[in-house]
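Chemist: Sharing a structure, written as structure tokens. Questions coming.
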Amino acid sequence: MKHYWLKMEAIFLVLVLIIPGNTLARVYEYELDNGLKLLVKEDHRAPVVVTQVWYKVGGSYEYDGVTGISHALEHMMFKGTEKFPPGEFSRIISENGGRDNAFTGPDYTSYFQTLEKTRLPISFELEADRMRHLKLSNEEFIKEIEVVKEERRWRTEDNPQSFLYETAKATAFQTSPYRFPVVGWMQDLSSMTINDLSSWYKKWYAPNNATVVVVGDVDPNYVYALAYEYFSPLPAGEPIKINEHKEVPQQGTKRITVKRPAELPSIMMAYKTPVIKPQDKHQTEYDWEPYALEVLAGILDGGNSARIASRLVRGNEVAAGASASYQIASRLDNLFTLSGIPAEGKSIQELEVAFRNEILDLQTHLVSNEELQRVKAQVISADVYEKDSVFYQAMIIGILETVGLSWDLADAYVDRIKSVTNEQVLAVAKKYLIDDRLTVADLYPLSTKDKSSKIRSTIKGNTRAH
């Protein structure tokens with residue numbers, strides 16, 4: 001399968017954080033007359049090259065009635081052009097010893113290939129061709145949309161934890177487009193047409209809405225010459241004005257109860273939190289807050305010695321498993337989440353109390369210097385594979401650039417994490433981990449044996465039904 005957006009989204013956001021900024025040194029930046037941006041990073045350790053084409057469109061660019069259209073279009077991008085029939089793209093890449101794939105997230109859609117370095121022109125020719133010359137066949141669409149719907153069933157509707165996360169986001173966000181699932185609501189997928197996809201493609205898939213990232217054993221000037229050859233003839237699209245729908249202020253805790261076929265109950269607590277803003281690289285009054293929240297997440301869930309593992313899983317044994325996560329790099333403000341499964345004999349309510357006690361501790365007591373340094377070391381360090389991977393070097397560049405942060409912001413990441421203080425961790429815990437920013441989603445299992453049961457979600461409090 002070419003499409004695994006749900007898992008990849010979380011992985012990519014983590015990778016943005018843990019790879020040291022010096023891996024992004026010497027990025028060469030170019031822009032063609034049609035608006036296409038080209039970013040090139042040399043890495044001569046192996047004779048390979050990674051090409052990634054990033055489009056500034058994803059689930060958060062959608063609206064009611066067309067949810068999932070960016071992901072559906074991603075599927076259709078492999079269905080051929082006039083020059084290359086369906087299936088030829090991947091066959092040609094494979095025939096040349098390469099690998100290709102794609103993914104859609106809330107803020108972007110990306111297509112990538114890994115090839116031996118002399119095969120770079122093949123990647124550019126194929127990507128340039130489908131950037132503006134995709135052949136959208138209704139016959140292919142009718143078949144492919146069923147694949148997308150099955151993907152939704154498999155990854156979300158038949159996965160209790162994914163369904164809980166989707167429902168929690170749709171409840172937490174009232175006006176922000178992050179309330180939409182990347183895969184889309186099933187009713188929107190069922191009503192989607194080939195004309196919808198054609199309009200979406202024409203609007204968003206254009207050089208002036210794309211960034212091409214190349215990392216590997218290459219010469220930047222040669223890469224630019226190739227990009228000019230293949231991409232410069234493509235016409236720019238119409239300028240796109242994005243009407244941002246910022247989240248309205250929340251007043252009071254939102255609660256939702258989900259009943260779903262599952263083996264175990266679970267809980268998710270989601271707090272609305274800020275992310276790095278483009279202006280943060282120029283130092284503003286509160287630009288340290290996302291970095292402090294990142295350290296706070298590590299204090300709660302940064303390995304076996306972190307507080308969740310040592311206190312809730314092993315210590316009080318209230319959780320069979322639990323985690324904390326924070327998304328520091330996204331286009332719009334996002335969520336800080338706590339999630340977990342109660343230990344045997346414990347309830348969802350007891351686990352919520354345990355989570356709240358940990359938050360209260362962070363709001364009333366400074367973390368120790370030893371704990372702070374341990375977390376900083378974990379956040380800053382990365383596995384050898386991640387540091388050495390040309391693919392993930394390209395991924396970092398692409399994500400930061402596409403969400404509007406610019407790739408060079410990563411250079412300051414390590415220093416910003418190092419500068420976080422105990423007082424700052426306490427301050428963000430008091431400011432953002434509060435009930436007026438909180439959505440609590442509880443999952444109560446229905447019998448997994450009764451497959452014919454109609455699944456319902458019971459919405460409580462100030463939430464939106466879907």
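Since every read-out is calculated from the coordinates, none of them should be taken as a lab result. Being a predicted model, the structure only gives us computed values, none of them experimental. In this analysis, Cβ positions are derived from the backbone assuming ideal geometry, glycine residues included, and neighbour counts consider all displayed protein chains.
Chemist: How tilted is helix 220-231 with respect to the longest principal axis of the chain? Cα atoms for both, answer in degrees (0 to 90, nearest 10).
Modeler: Relative to the chain, helix 220-231 is tipped by roughly 70 degrees.
Chemist: Please compute the Kirkwood hydrodynamic radius of segment 303-390 from all pairs of different C-alpha atoms, in Å with one decimal.
Modeler: By the Kirkwood definition, the hydrodynamic radius is 15.0 Å.
Chemist: Still on this structure: Spelling out what I want: for every residue of segment 136-145, take phi, set θ = phi - 60°, compute 6.51 cos²θ - 1.76 cosθ + 1.60 (Karplus), and round to whole Hz; glycine and proline get x.
Modeler: For segment 136-145, the Karplus curve yields 9, 9, 5, 4, 5, 5, 4, 6, 6, 5 Hz.
Chemist: Rounded to two decimals, what is the ratio between the C-alpha radius of gyration of segment 254-460 and 2.2 N^0.38 Å?
Modeler: 1.12
Chemist: Additional query: For the chain, what ratio Rg/Rh do Cα atoms give with a Kirkwood hydrodynamic radius?
Modeler: We get a ratio of 0.97 for the chain.
Chemist: Something else now. Does anyone have the angle between helix 120-132 and the longest principal axis of the chain? Alpha-carbon axes, 0 to 90°, nearest 10?
Modeler: With rounding to tens, the tilt is 80 degrees.
Chemist: Cα-Cα over 19 Å: which of Lys149/Lys246; Lys246/Lys272; Lys135/Lys202; Lys135/Lys241?
Modeler: Lys149/Lys246; Lys135/Lys241
Chemist: Restricting everything to alpha-carbon atoms, can you work out Rg to Rh for segment 5-231 with a Kirkwood hydrodynamic radius?
Modeler: Ratio of gyration radius to Kirkwood radius: 0.97.
Chemist: Please go through segment 254-361 and write out the GluC sites (Glu not before Pro) that DSSP classes as loop and that have at most 10 other C-beta atoms within 10 Å.
Modeler: Passing both the DSSP loop test and the Cβ count: Glu263, Glu285, Glu344.
Chemist: Got a sec? How would Asp435, Asp33, Asp100 order by Cβ neighbour count within 10 Å, fewest to most?
Modeler: Asp33, Asp435, Asp100
Chemist: Let me ask something additional. Note down the Stokes-Einstein diffusion coefficient of segment 108-256 in µm²/s, whole number, using a Kirkwood radius over alpha carbon pairs, 37 °C, and 0.692 mPa s.
Modeler: Estimated via Stokes-Einstein, D reaches 174 µm²/s.
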